[in-house]
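Working notes, structure below.
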Amino acid sequence: MLGLLEKIKDLVVYDADREFYAKVFPDSVGRKDLMRLRKMTTADLPGVMAIERKNYQFPWSEDIFVDCFKARYSCWVCEEMDKVLGYSIVALGVGEAHILNICVDPAEQNQGIGRKMLENLINVARGQAETIFLEVRPSNVGAIALYEKMGFNEIGIRKGYYPAENGREDAIMLALELF
């Protein structure tokens with residue numbers, strides 16, 4: 001029975017009591033607390049792809065997301081009332097975790113959704129990895145500020161890592177030790 005409960009918990013990270021309290025005491029629970037984090041499914045791909053295309057000049061293809069499922073990466077969506085607000089993906093293996101993508105719908109940015117998803121990925125990696133890594137464009141100052149607030153440190157630069165309008169853009173490599 002415990003194994004079944006763990007599998008259910010792995011699919012949905014949400015506290016139903018918050019929804020109840022929000023209905024009974026409307027000002028007692030914030031919007032961020034009512035957002036659900038759950039495992040991404042192929043049914044989420046239309047919403048995920050729409051967000052991907054809004055955010056990136058060179059978006060991932062749907063095939064890349066399908067490959068993430070096939071590789072059994074930990075893929076998540078953040079939703080509110082069945083609308084996908086953002087998504088995140090982390091690869092786990094050999095004592096390391098690598099955040100591959102965190103993306104929030106532009107209309108929903110700066111509301112704590114990215115932080116909520118990042119905290120979830122860190123929790124997913126804890127106990128399975130000693131270090132969590134990611135790359136970020138130097139031009140993405142908002143994401144860099146979030147990562148630094150969460151304790152990530154710069155460990156290097158990947159030259160020409162990202163496609164850009166006029167060639168390639170470097171990536172800042174960041175890491176967080178998980179103790």
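The values are calculated or read from the model by the stated rules, or taken from the named source; none is laboratory data. Quantities reported herein were computed from a predicted structural model and do not represent experimental measurements. Note that each Cβ is placed from the backbone with ideal geometry, even for glycine, and that neighbours are counted across all protein chains shown. Heads up: the accessible areas ignore ligands, DNA and RNA and are worked out on the full protein's heavy atoms, side chains in. Shrake-Rupley method; radii C 1.70, N 1.55, O 1.52, S 1.80 Å.
Some notes on this structure:
- Matching residues in the stretch 144-159 - criterion: being assigned to a strand (DSSP E or B) and under 13 Å from E177 (Cα atoms): N153, E154, I155
- Every test in (1) touching an Asp or Glu at 6+ places or on another chain (Cβ under 8 Å); (2) open to solvent by less than 60 Å² (accessible area, probe 1.4 Å); (3) in contact (Cβ under 8 Å) with a residue 60 or more places away in the chain is passed by N120 save one, and that test is (1).
- The strands (runs of 3 or more DSSP E) falling completely within the stretch 1-97 that include 2 or more residues that are open to solvent by less than 20 Å² (accessible area, probe 1.4 Å), of a type outside the set (S, T, Y) and at pLDDT 95 or above map to 74-80, 83-93.
- Restricting attention to the stretch 46-68, the residues being within 17 Å of I102 (Cβ to Cβ) and without any contact (Cβ under 8 Å) to a residue 60 or more places away in the chain number 15.
- Count of residues meeting criterion [farther than 17 Å from I144 by Cβ and assigned to a loop (DSSP other than H, G, I, E, B)] in the stretch 98-111: 2
- Matching residues, the stretch 149-175, being of a type in the set (D, E) and either surrounded by 14 or more Cβ atoms within 10 Å (Cβ to Cβ) or without any contact (Cβ under 8 Å) to a residue 60 or more places away in the chain (or both): E154, E169, D170
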